[in-house]
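Novice: Structure incoming, see below.
Each value in this text was obtained by applying a stated rule to the coordinates, not by laboratory testing. Since the structure is predicted, the reported quantities are computational estimates derived from the model, not experimental observations. Glycine also receives a Cβ, built like all others from the backbone with ideal geometry; neighbour counts cover every protein chain displayed.
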Amino acid sequence: MAGDAYVAATLETLVNEPDTLGRSTNIKADLFRVFTRIWNSLSVNGRSEQVQHDLPAEVRLGQITPLPRQAFLLSCLEGFSEEDAAIILGVDVSEVRDLVDEAGRELAADMATEILIIEDEPLIAMDLEALVEGLGHNVIGVARTRTEAIKIAGEGKRPGLILADIQLADGSSGLDAVNDLLKTFEVPVIFITAYPERFLTGERPEPAFLIAKPFQPANVSAVISQALFFQQTARRREAKTA
């Protein structure tokens, strides 16, 4: 009911003040900008909820600091670009990245997991390792080839999330490595690759996300949080219907 009231207030504003939309070609971004302005005009929406653990992922979103939460939802759920999210929130692009990164850290505090990195370029692997550990996750191993990835998982180190390149050092495929791993357990996968077309034409696992190289660290942080958030939500729904 509260959400409907904010939507009604947004529509009433547009009827009474049609110039509020401006002359942007992105009507969706303009609508969200007006909605967000109304939402943020009430002080009650400027506070996060009391922190509680062991809650469903979608409920814990309310415990994230308001602006980081909005940036996260605009980017990850609504699919807005950083530029559009910045216009909606009335900040610059660099601040949107900082806000999404902060939301990732706050979400990770409740959804920290074990991560397997499959990446053959040492510098990129080091960057990814530092990034995910900075979010509060733990890296169980870094594999450069399909064989190394299977070996790490075979040592009893089962990840909660996989970050994988597609083209690996020995010519093997990250897609094949992931499909081999997912025969014994199911986790979300994020492919980070300079060859996104191979993801589109290969036999890809579900659920899977795609990030093209070169990547922005804030984008990787956001997608990690998104993957873990929706995984927890899906598991909760499955448990309710079981």
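Novice: Grab the beta carbon distance between I38 and Q216, set R0 = 41 Å, and tell me the FRET efficiency rounded to 0.05.
Specialist: 0.85
Novice: Going by the alpha-carbon gyration tensor, a ≥ b ≥ c the square roots of its eigenvalues, is the stretch 112-220 rounded (a/c under 1.5) or, if a/c is not under 1.5, prolate (a/b greater than b/c) versus oblate?
Specialist: Verdict is rounded for the stretch 112-220.
Novice: Could you tell me which residue out of L181, A149, G134 lies farthest along the dipole of the stretch 112-220 toward its positive end? Charges go on the beta carbon: Lys and Arg +1, Asp and Glu -1, centred on the Cα centre.
Specialist: The one lying farthest along the dipole's positive direction is L181.
Novice: Magnitude of the Cβ-charge dipole of the stretch 112-220, K/R +1 and D/E -1, about the Cα centre, nearest 20 debye?
Specialist: The dipole of the stretch 112-220 has a size of about 140 debye.
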